Amino acid sequence: MSDAVIEVEGLAKSFGGVPAVDGLTFSVARGSTTALLGANGAGKTTTLSMLLGLLIPSAGRITVLGEDMLRHRYRVLPRMNFTSPYVDLPHRLTVAQNLIVYGRLYGIRNIKARVARIADELGITPLLKRPTGNLSAGQKTRVALAKSLLNEPDLLLMDEPTASLDPESADTIRAYLVAYQRRTGATILLASHNMAEVERICGDVIMLRAGRLVDRGQPAELIARHGRSTMEEVFLAIARNEDGPPPDEATEREARKKAAP
Amino acid sequence: MNVSRNVTVAFSPFRVGALVLRYLYLLRGSWPRIVELVYWPTVQMVLWGFMTKFLLSETSLLAQASGVLISAVLLWDILYRSQLGVSLMFFEEMYSRNLGHLFVSPLRPYEMGCALLLMSLVRTLIGAGGASMLAIYLYHFSIFDLGFPLLAFFACLLALGWSLGLMIASIVMRFGLGAESLAWVVIFALAPVSGIYYPIRVLPEWLQAVAFMIPSSHVFEGMRAVMIDGVFRTDLLRNALLLDALYLTAGMAIFLGTFRVARRRGLLLNIGE
């Protein structure tokens, strides 16, 4: 059995003939925390959406937790979850009501106890009776994270998990994610624009530009390879294409070779 | 991991119940939504109740079946409420931009469809039921006296409302909330050919053919047969049920097909206005 939790091969998606993702091939190892990086429009959200089954690819193959995501996504969706500050939970429901509804959708046993526990762990117990729409952006982010952890997912996909959080809250969440992963052995794939976060919690980075995979490696490897001192500088160099011309077939092949399981 | 039940089953009443619970929470937490449910059926019933009282003193036809207009109003409202019940509950997911979360959960689109239908039933019972009770108080007319035929009419109109609601939800899923006003008006295109207040035979012949393709025309013809002639026409009920089966199948197929289109076009994450 492959040790990869996500295997993507030749993944492509076009909207009206314009490619958003263009032939992505990569894998994500079990138990890793991997960052999916790129400037706005690089194809991160489109890739995450395809991995989640919210978007049907134009071409390519996606295997998640050993299942073909295009044919059998309902076999794996119960073992996955997702959080994004850009996808809301119903505003008029209280936090507790939202978590109970989602807990039931995921078939959680003893849902009220589970909600109480996760609320305690994420420090949102005082928010449970408040309407979700009345929360601050940071509070909503924490509630969305709680929702994404209700089913103790084997695979957690996150779109900017600490966006809108103050530095202290963001730090708490990162620590929680690290502890969660150590405890459960879960795999985390996150899109982020926070390079310090990536350096701290991600062991692996996939860099995208214009829907293509342009580089991949551990943060320290990427920093060294690009001759920079931080991931922020690596990100900017790749986003601005400062380190060379757009990826040609050879460099892309090389990147894909590195990405292969 | 051991927190979840076996959630890979193809159809789960548990998941349908979870979504129904979500809509009940919403309804329970918002008194304007509850008032809205009973407001329009009540206004209609009061208006046509007084009209009936007036006509009773003027025409002998209405004297034969004094409750026919009020019954027609209440039955029409069952159709309208059931369609709105499906459409508006779906719109709530779009207003709250919640579809992205829902459809990365194990919830199947057809389970969502079932939850919408169940909530439509609840809303219709509250709305039309409330107005029906008020009719007893105001006009001493009880639509419940119709007995079994009422149940049959209710089921036929509910199913037609469901199918129209699913079709409207599909249009809005595909084209966004800019199309939501359709939910309030589409049903009125059926009103002239449903024969709510008049028999289908008064329509031009070609329009009669159109009318009989619509389940509601059979229901209202059936209602008049019961109230004016004292006959329960099982042929009309059979026609209505067969057409309902077709409409409901088409409604669910369109809803599921549009869901697939939404997945292809990436509408589920960014759905909204």
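A few points about this structure:
- The lone criterion from (1) out of contact with any Ser or Thr (no Cβ under 8 Å at 6 or more places or on another chain); (2) assigned to a loop (DSSP other than H, G, I, E, B); (3) within 12 Å of chain B (Cβ to nearest Cβ) left unmet by A:ASN40 is number (3).
- Among the residues listed as B:LEU150, B:LEU160, B:LEU164, B:LEU138, the single one being touching a helix residue (DSSP H, G or I) at 6+ places or on another chain (Cβ under 8 Å), without any contact (Cβ under 8 Å) to a residue 40 or more places away in the chain, within 28 Å of B:THR52 (Cβ to Cβ) and not basic (Lys, Arg): B:LEU150
- Filter result for A:ASP215 (in a strand (DSSP E or B), modelled with pLDDT under 95 and acidic (Asp, Glu)): yes
- Under the condition of being assigned to a helix (DSSP H, G or I), modelled with pLDDT under 95 and away from chain A (no Cβ under 13 Å), the residues counted in segment B:251-273 number 0.
- Residues being buried (at least 19 other Cβ atoms within 10 Å of the Cβ) and either touching a residue at least 60 places away in the same chain (Cβ under 8 Å) or of a type in the set (D, E, K, R) (or both) - total across segment A:33-60: 15
- For A:LEU236: the one exception among (1) surrounded by fewer than 13 Cβ atoms within 10 Å (Cβ to Cβ); (2) at pLDDT 60 or above: (1)
- From the options B:SER87, B:SER120, residue that is away from chain A (no Cβ under 14 Å), polar (S, T, N, Q), in a helix (DSSP H, G or I) and more than 30 Å from A:THR83 (Cβ to Cβ): B:SER120
- Only one entry in A:THR47, A:THR34 is more than 8 Å from chain B (Cβ to nearest Cβ), within 15 Å of the chain's Cα centre (by Cα) and in a helix (DSSP H, G or I), namely A:THR47.
- Test: residue in segment A:99-122 that is polar (S, T, N, Q) and either in contact (Cβ under 8 Å) with a residue 12 or more places away in the chain or at the interface with chain B (Cβ under 7 Å from one of its Cβ atoms) (or both): no
- All conditions but one from (1) more than 20 Å from the chain's Cα centre (by Cα); (2) of a type outside the set (Lys, Arg); (3) assigned to a helix (DSSP H, G or I); (4) crowded, with 18+ Cβ neighbours inside 10 Å apply to A:ALA113; the one that does not is (4).
- Candidates are the residues of segment A:125-145 that are aliphatic (A, V, I, L, M) and modelled with pLDDT under 95; the one that is farthest from the chain's Cα centre (by Cα) is A:LEU135.
- Test for A:MET80: is it closer than 19 Å to B:LEU267 by Cα, surrounded by 24 or more Cβ atoms within 10 Å (Cβ to Cβ) and either within 12 Å of chain B (Cβ to nearest Cβ) or of a type in the set (A, V, I, L, M, F, W, C) (or both): no
- Condition met for A:VAL87 (hydrophobic (A, V, I, L, M, F, W, C) and modelled with pLDDT of 90 or more): no
- Members of segment A:165-199 that are more than 17 Å from A:GLN139 (Cα to Cα), of a type in the set (A, V, I, L, M) and buried (at least 21 other Cβ atoms within 10 Å of the Cβ): A:ALA186, A:ILE188, A:LEU189, A:LEU190, A:ALA191, A:VAL198
- Scanning segment B:213-246 for residues that are within 20 Å of B:LEU203 (Cα to Cα), among the charged types (D, E, K, R) and free of Cβ contacts under 8 Å to residues at least 40 places away in the same chain turns up just one, B:GLU221.
The values are calculated or read from the model by the stated rules, or taken from the named source; none is laboratory data. Since the model is a prediction, treat every value here as computed from it, not as a measurement. Don't worry about glycine lacking a Cβ; one is built from the backbone with ideal geometry, like all the others, and counts go over all protein chains shown.
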